[in-house]
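Engineer: Dropping the structure in here first, questions after.
The values are calculated or read from the model by the stated rules, or taken from the named source; none is laboratory data. For clarity, every value in this text was computed on a predicted model and none was experimentally measured. Here the Cβ positions follow ideal geometry from the backbone for every residue, glycine too, while neighbour counts run over all protein chains shown.
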Amino acid sequence: MRDYIVIYERAADVRWGAYIPDPRRLGVIGDRFEESEKLIRAGIMLHIGSLVEDGLSVPNPTTIATHDAVAA
């Protein structure tokens, strides 16, 4: 089991984008947050599945995310 960072961003047109910085750049766009969440999860699984099928190793995550609270 590996944990990959997923970044979700709301676009100006109210749709949601999601991407993972690694193992490889992978991005999706959904009409709703839940749709982008479902699409990115499916994309990650497809990507990992293709690596395994090709006999390649699945890379470990290299990205770390944190929060920083600042006074606005």
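Engineer: Would you call residue 56 free of Cβ contacts under 8 Å to residues at least 24 places away in the same chain and surrounded by 11 or more Cβ atoms within 10 Å (Cβ to Cβ)?
Structural biologist: On the way: free of Cβ contacts under 8 Å to residues at least 24 places away in the same chain: yes; surrounded by 11 or more Cβ atoms within 10 Å (Cβ to Cβ): no.
No; evaluated as a whole, the condition is false for this residue.
Engineer: Determine which member of the set 66, 62 is assigned to a loop (DSSP other than H, G, I, E, B), touching a Pro at 6+ places or on another chain (Cβ under 9 Å) and loosely packed, with under 13 Cβ neighbours inside 10 Å.
Structural biologist: On the way: 66 fails: touching a Pro at 6+ places or on another chain (Cβ under 9 Å).
After ruling out the rest, the residue left standing is 62.
Engineer: Answer with yes or no whether residue 4 is modelled with pLDDT under 95, aromatic (Phe, Trp, Tyr) and surrounded by 10 or more Cβ atoms within 10 Å (Cβ to Cβ).
Structural biologist: Working: modelled with pLDDT under 95: yes; aromatic (Phe, Trp, Tyr): yes; surrounded by 10 or more Cβ atoms within 10 Å (Cβ to Cβ): yes.
Yes; evaluated as a whole, the condition is true for this residue.
Engineer: Restricting to the stretch 18-28, count the residues that are surrounded by 16 or more Cβ atoms within 10 Å (Cβ to Cβ) and either assigned to a strand (DSSP E or B) or modelled with pLDDT of 95 or more (or both).
Structural biologist: Residues in the stretch 18-28 being surrounded by 16 or more Cβ atoms within 10 Å (Cβ to Cβ) and either assigned to a strand (DSSP E or B) or modelled with pLDDT of 95 or more (or both): 5 in total.
Engineer: Please go through the stretch 8-39 and pick out each residue that is farther than 20 Å from residue 61 by Cα and of a type in the set (A, V, I, L, M).
Structural biologist: Of everything in the stretch 8-39, those that are farther than 20 Å from residue 61 by Cα and of a type in the set (A, V, I, L, M) turn out to be 11, 12, 14, 29.
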